[in-house]
Amino acid sequence: MDLGMLAMTGCSSSEEVSAPARSAPPSPSSTESARLRAALLPTPKGMRVAYGPELGAFGSLKSTQQGLAAVRQAKLQRPECAGAAQLDAAEPDVAKAPAAVIAFAAERGSITQAVVSMPSAAFPAVLPRRCAAYTANVSGTQVAYRTRTLAMPAKGDQSRAYLTTATGGKQNAQIGSIMIRRDTLIMSMLVVGRRVRPQGLYQLAHLADQNLARATK
């Protein structure tokens, strides 16, 4: 497990994790599937599709199960901070919501994007102060996480962006996270790399919001 894996709660394509056997939830309708797929980013220049697009109930998606498994395997100083400011797949209404996920990879890092069809009230709350800095034991390595809120230009009906630096052992990583709501679609994006530039995050947010706008017309 890498440092980014833990931070990317619910959105990782870097490891295979076996999900527990259970009955499959209903799949999104063809109309909803087309709308969710249309909201996803095209492959960024210099990157490749590493996973997806996968469509289905958010909680049943492979990437969601991987993120939940990563959190279960780690020992967090503040367990409540694992999914702070992100969509909580442990919540039944969020888990059942129609969603689409795609991940892109390159040598320099990865981008994972999820679009979920949810009521506006489901938009995650702001990051609690106590979650701006905490530690976790990841596969025997002590990792420190520090997160700051970014002054991203407003997007959609609601939007937020954060930059997390994870340090520990021989690995250091930065994780940029973006949340945008437009109408009933909520978009979550996580960008992982050795260095993530805020300006690059803002450009991705702009492209993602353009797709959301087209998908909600």
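The values are calculated or read from the model by the stated rules, or taken from the named source; none is laboratory data. Everything numeric here is computed off the predicted structure, so don't read it as measured data. Don't worry about glycine lacking a Cβ; one is built from the backbone with ideal geometry, like all the others, and counts go over all protein chains shown. Only protein heavy atoms, including side chains, enter the accessible area calculation; ligands, DNA and RNA are left aside. Shrake-Rupley method; radii C 1.70, N 1.55, O 1.52, S 1.80 Å.
With respect to the conditions (1) open to solvent by less than 50 Å² (accessible area, probe 1.4 Å); (2) within 24 Å of GLY200 (Cα to Cα), PRO42 falls short on a single one, namely (1).
When ALA144 is tested against (1) assigned to a helix (DSSP H, G or I); (2) open to solvent by 20 Å² or more (accessible area, probe 1.4 Å); (3) of a type outside the set (Ser, Thr, Tyr), just one condition goes unmet, and that condition is (1). Scan region 118-136 for residues that are among the aliphatic types (A, V, I, L, M), without any contact (Cβ under 8 Å) to a residue 60 or more places away in the chain and either buried (at least 18 other Cβ atoms within 10 Å of the Cβ) or within 25 Å of ALA100 (Cβ to Cβ) (or both) and the total you get is 3.
Among the residues of region 164-187, some residue qualifies, meaning at least one is among the hydroxyl-bearing types (Ser, Thr, Tyr), in contact with a Pro (Cβ under 7 Å, 6 or more places away or on another chain) and open to solvent by 30 Å² or more (accessible area, probe 1.4 Å).
Any residue at all in region 160-168 that is modelled with pLDDT of 90 or more, assigned to a loop (DSSP other than H, G, I, E, B) and under 17 Å from the mean Cα position of the chain (by Cα)? So far as region 160-168 goes, no, none of its residues is modelled with pLDDT of 90 or more, assigned to a loop (DSSP other than H, G, I, E, B) and under 17 Å from the mean Cα position of the chain (by Cα).
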